[in-house]
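Asker: Before I ask anything, let me first share the structure, which is written out below as structure tokens.
The values are calculated or read from the model by the stated rules, or taken from the named source; none is laboratory data. Please read these numbers as outputs of a predicted model, since none were measured by experiment. Cβ placement follows ideal geometry from the backbone for every residue including glycine, while neighbour counts extend to all protein chains displayed. Heads up: the accessible areas ignore ligands, DNA and RNA and are worked out on the full protein's heavy atoms, side chains in. Shrake-Rupley method; radii C 1.70, N 1.55, O 1.52, S 1.80 Å.
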Amino acid sequence: MRRTLEAIFRRIWSLCILLILLPLIGVGIAYLLPRSYSSSATIWALHRYTVVGSTGPESNLDATPSQTQTNALLELLHTRQFALNVARNTGLDQELSSSLAYKVNNLLRPGDVEDAVVSEVSSKIVVTPDGYNLLSISYANGNPQIAQRIVQNVITEYSGQSTNLSLYDGQRLLDSYQKELTKAKQGYNDAVVAEAGYLKGHPDALRTDAPYDPNYARLHANTQQAQTSFQNIQTSIDNLRQQLASLGQGANDLFKVIDSTSDAKPVARMKSILLCAGVGLGCAVAAIVLYLVIAVRRDRAVYTASQIQLVTSLPILMQAPYIKESTNILSIE
């Protein structure tokens, strides 16, 4: 402990300057960094995001409309095609391709720019539910025009693709029902023809006083069963079409834009200033700790008898007591 304190007080002013200088350098670097500009938009979720599946309309009833639409939009942003559509005609690809470091070495491949665009869109666009129905979309970029175009494209692509995706399973189910309906109709027609043919050869089967005819009873039961199956499938198709029609009104039925895309505004630098200052302070503390470790390890001074025994095995013949400075000062006249 004594060695450490001596090392600290031996360079006390240098260490203090280091603690102050490095955070100031970090603040200066934060001011020299290029500014970011943020653009945002606010939309009103009219209802929960719903997908029409095999069990009918499916949605998370425990979440608010804004939460379900936020989750749906975030999942879309993590798909490659959706991210590329959002970045199309915004200039983001040119900006990222010019900033890629390995372009200098002529190692830039066509897929590298697309990968950078997908990573930028999926990680930098922020979608936040701000209430029961309200959610906001924001994006920050060094170019204010690009930031504004990206947010606009997010809303456009979301309104265009969300409805198609929510109806995708329903459309596939409708096609499956149509095939089943065709088979059920054919089965019903065959059952009706078989029953009519049997009655043509056995007209007495319909008489109430006629004896029980098991063959006719079987054919008539088949006809009724085929008719019921056909009607059930037709009812399912009608209900599914009604559900698809209610969700097929596009973005006008899904959400409404409350605050249109705002002009990109400079992002406050306080966060980056604090971050750079903290990094500078951390580097200063690390440098001081390293200095103290080196100074203490290189200190070969001996302060106690026990420390002498660590250096040599010779016996100690004499030891002067440690004399503290007297607090009483005598004046000699």
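Asker: Scanning for something within 30 Å of Ser40 (Cα to Cα), modelled with pLDDT under 85 and either out of contact with any His (no Cβ under 9 Å at 6 or more places or on another chain) or part of a helix (DSSP H, G or I) (or both), does segment 227-241 turn up at least one residue? Outline the logic, then answer.
Answerer: Within segment 227-241, the first condition is being within 30 Å of Ser40 (Cα to Cα), and the residues that meet it are none.
No: segment 227-241 contains no residue that is within 30 Å of Ser40 (Cα to Cα), modelled with pLDDT under 85 and either out of contact with any His (no Cβ under 9 Å at 6 or more places or on another chain) or part of a helix (DSSP H, G or I) (or both).
Asker: Residue under question is Ala221, and the condition is that it be in a helix (DSSP H, G or I), modelled with pLDDT under 80, more than 30 Å from Asp175 (Cβ to Cβ) and not β-branched (Val, Ile, Thr); does it hold?
Answerer: No: the conditions fail for Ala221.
Asker: Report yes if Gly248 is touching a Leu at 6+ places or on another chain (Cβ under 9 Å), modelled with pLDDT of 80 or more and open to solvent by less than 70 Å² (accessible area, probe 1.4 Å), otherwise no.
Answerer: Details: touching a Leu at 6+ places or on another chain (Cβ under 9 Å): yes; modelled with pLDDT of 80 or more: no; open to solvent by less than 70 Å² (accessible area, probe 1.4 Å): yes.
Criteria not met by Gly248.
Asker: With Leu135, Leu167 as the choices, which residue is at pLDDT below 90 and touching a helix residue (DSSP H, G or I) at 6+ places or on another chain (Cβ under 8 Å)?
Answerer: Working: Leu135 fails: at pLDDT below 90.
None of the others qualify; the one that does is Leu167.
Asker: Which residue pairs have Cβ atoms closer than 8 Å, lie 6 or more positions apart in sequence or on different chains, and pair a first residue in segment 71-94 that is under 15 Å from Ile137 (Cβ atoms) with a second residue that is basic (Lys, Arg) and at pLDDT 90 or above?
Answerer: Within 8 Å, the pairs are Thr90/Arg149.
Asker: Taking Ala205 and the conditions (1) part of a helix (DSSP H, G or I); (2) at pLDDT below 80; (3) within 30 Å of Gln171 (Cβ to Cβ), which numbered condition does it fall short on, given that it satisfies the others?
Answerer: (3)
Asker: Looking at Ala295, is it surrounded by 15 or more Cβ atoms within 10 Å (Cβ to Cβ) and at pLDDT below 85? Write out each step before concluding.
Answerer: Working: surrounded by 15 or more Cβ atoms within 10 Å (Cβ to Cβ): yes; at pLDDT below 85: yes.
Yes, satisfied.
Asker: Checking Asn105 against (1) open to solvent by 60 Å² or more (accessible area, probe 1.4 Å); (2) at pLDDT 90 or above, only one condition comes out false. Which one?
Answerer: Condition (2) is where Asn105 drops out.
Asker: If you don't mind, there's one more thing I want to ask. So is Leu33 more than 30 Å from Ser176 (Cα to Cα) and modelled with pLDDT of 80 or more or not? Give the steps one after another, and end with the answer.
Answerer: Working: more than 30 Å from Ser176 (Cα to Cα): yes; modelled with pLDDT of 80 or more: no.
Answer is no for this residue.
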